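Note sheet for the following structure.
The values are calculated or read from the model by the stated rules, or taken from the named source; none is laboratory data. The structure presented is a predicted model; accordingly, all values stated were derived computationally and were not measured. Methodologically, a virtual Cβ is constructed for each residue, glycine included, from the backbone with ideal geometry; neighbour enumeration extends over all protein chains shown.
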Amino acid sequence: MELQACYVIVGGGIAGSDVVKVTRNVNQLTEALTQFDVEDQSASEFESTFPGLAVSTGITLVTLNPELRELKLSDGRVARYEKGVCLCVGASPKTLDGAERAENLVFTLRDMESVASLIEKLKDARKVAVVGNGGIATELVYTLKGVQDMVWIVRDKHICAAFVDPGAAQFFINSGGLTEAGQKKGATVIKRLTYQSQHGTKKECQGAALGPDWHTKFKVEGPNGDKMPNIHIEYETEVKRIIKRGETGFPAELNNWPVVLELTNKSLIGCDLVVNAIGVLPNCKMFDGVLDMASPEQGSGIKVDKAMRTSADGVFAAGDVVFANWMKEKHWFQMRLWTQARQMGCQAARTMAVPSSASMFDFSFEMFAHVTKFFGFKVVLLGLYNGQKMNPGDWEALLRVTPGKEFIKLVIANGKVQGAVLIGETELEETCENLILNQLDVSALGDDLLNPDIDIEDYFD
């Protein structure tokens, strides 16, 4: 049986669904920064919303032939497209070496189904090890309750390293994100610091990636209900080996645990469950030899231009599977986040529907902008928020910290704001965005740039 369509979209995550429609529940915080909710919809609900749309679920793409404009599917059918196909097949989670031998003692968090399986296993868990330092791992550590102990294994010198610097990480810890009772709010402190760089460092069809605030949809609890666990963090280390009880080399002194992690720092961690959240790899291997690809050193992915066009005529791609192969704006860089997946999906949709609009680049690609929530705090990241793309010593950071309430960091180079980290209800998103995009000289203000008694907006009016 053949499927025939004007357009074919492969993938049902945020990028794929936004190729079909623009998310309806959008809260535009600023011109470049968008906060949005994500809801799961059944195929029938989605179909009924858009006349002329047919949704096929439970199947995967096997091969793509751009010359014949056809796709072979895992159920044996062939899908032919007249005008274009958009590949939004996302990314797959990286796995820990030896995880397959540990059967159901190692869980990889990626989609809603994996979270549901984890919750079932947590019912009898005493101790859990969480491996990873990205958004999902951070949210899980904050959310998981009801187990006696938790070990958080991170390869960096501080938590949340993919998003924030050591100062912001310490702010989270001091604010009680990892303890039963957090630190009380303190007096506001303003500092100017010069930053130097530090050297070192099963279903057949996978569900869509966990979206923003996924943890609010579940009660991730162990046998002790909502009681917070004792949390221990192992810094600057990785999992070297997973040893299941009964295997050769299992330490006798930890025989009361079903699985043990041997870390690169030589620590041995016995636990009931291991949760893996160490990142993702683009699902692009099937397109080798068909489309131009980025190398693993570049970050892998299907190469796309500003209009989300690939190297093959009529083939577009968006989301985690792509590599942004264009001359980036000064304050934008690629990061595999739901925010950028949505932006890419919208851009691909516009190009496919109105090819003449391909030269009209989405404003959201002018500046990196991401909003999320860690440890109960709203987190806004703008521009080169950690000094990305700049040489060590070429920039400094202006900080304003109110313990337990807010953390504000402005990255300043040549007297101009290049990036910002805003934690808490700062209400500075639009001001910081304008300062970054307009590149106004703020050197005359000095430390008063973050003085809470001065209205910066009035200064620039």
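Does Ala353 qualify as being of a type in the set (A, V, I, L, M), surrounded by fewer than 19 Cβ atoms within 10 Å (Cβ to Cβ) and more than 30 Å from Tyr142 (Cβ to Cβ)?
Against the criterion (of a type in the set (A, V, I, L, M), surrounded by fewer than 19 Cβ atoms within 10 Å (Cβ to Cβ) and more than 30 Å from Tyr142 (Cβ to Cβ)), Ala353 qualifies.
Examine region 426-437 for a residue that is at pLDDT 95 or above and either part of a strand (DSSP E or B) or polar (S, T, N, Q) (or both), and state whether such a residue exists.
no
Filter region 277-326 down to the residues that are among the β-branched types (Val, Ile, Thr), surrounded by fewer than 24 Cβ atoms within 10 Å (Cβ to Cβ) and under 21 Å from the mean Cα position of the chain (by Cα) and list them by number. Quick ask: steps written out before the conclusion?
The first filter runs over region 277-326 and keeps only residues among the β-branched types (Val, Ile, Thr), leaving 278, 280, 290, 302, 304, 310, 315, 321-322.
If we keep only those that are surrounded by fewer than 24 Cβ atoms within 10 Å (Cβ to Cβ) as well, we get 278, 280, 290, 315.
Once the filter is applied, which keeps residues that are among the β-branched types (Val, Ile, Thr), surrounded by fewer than 24 Cβ atoms within 10 Å (Cβ to Cβ) and under 21 Å from the mean Cα position of the chain (by Cα), region 277-326 yields Ile278, Val280.
Let's see how each residue does on (1) of a type outside the set (D, E, K, R); (2) surrounded by 18 or more Cβ atoms within 10 Å (Cβ to Cβ); (3) assigned by TED's automatic domain parsing to the domain that holds Ala137; (4) within 30 Å of Ala307 (Cα to Cα):
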site	(1), (2), (3), (4)
Glu396	no, no, no, no
Gly404	yes, no, no, no
Leu410	yes, yes, no, no
Gly415	yes, no, no, no
Ala420	yes, yes, no, yes
Leu428	yes, yes, no, no
Glu433	no, yes, no, yes
Asp447	no, no, no, no
Asn451	yes, no, no, no
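Of all the residues that make up region 248-264, how many are surrounded by 14 or more Cβ atoms within 10 Å (Cβ to Cβ) and charged (D, E, K, R)?
The total comes to 1.
What are the residues in region 98-154 that are of a type in the set (Ser, Thr, Tyr) and either outside any helix (DSSP H, G or I) or surrounded by fewer than 23 Cβ atoms within 10 Å (Cβ to Cβ) (or both), if any?
Thr108, Ser114, Ser117, Tyr142, Thr143
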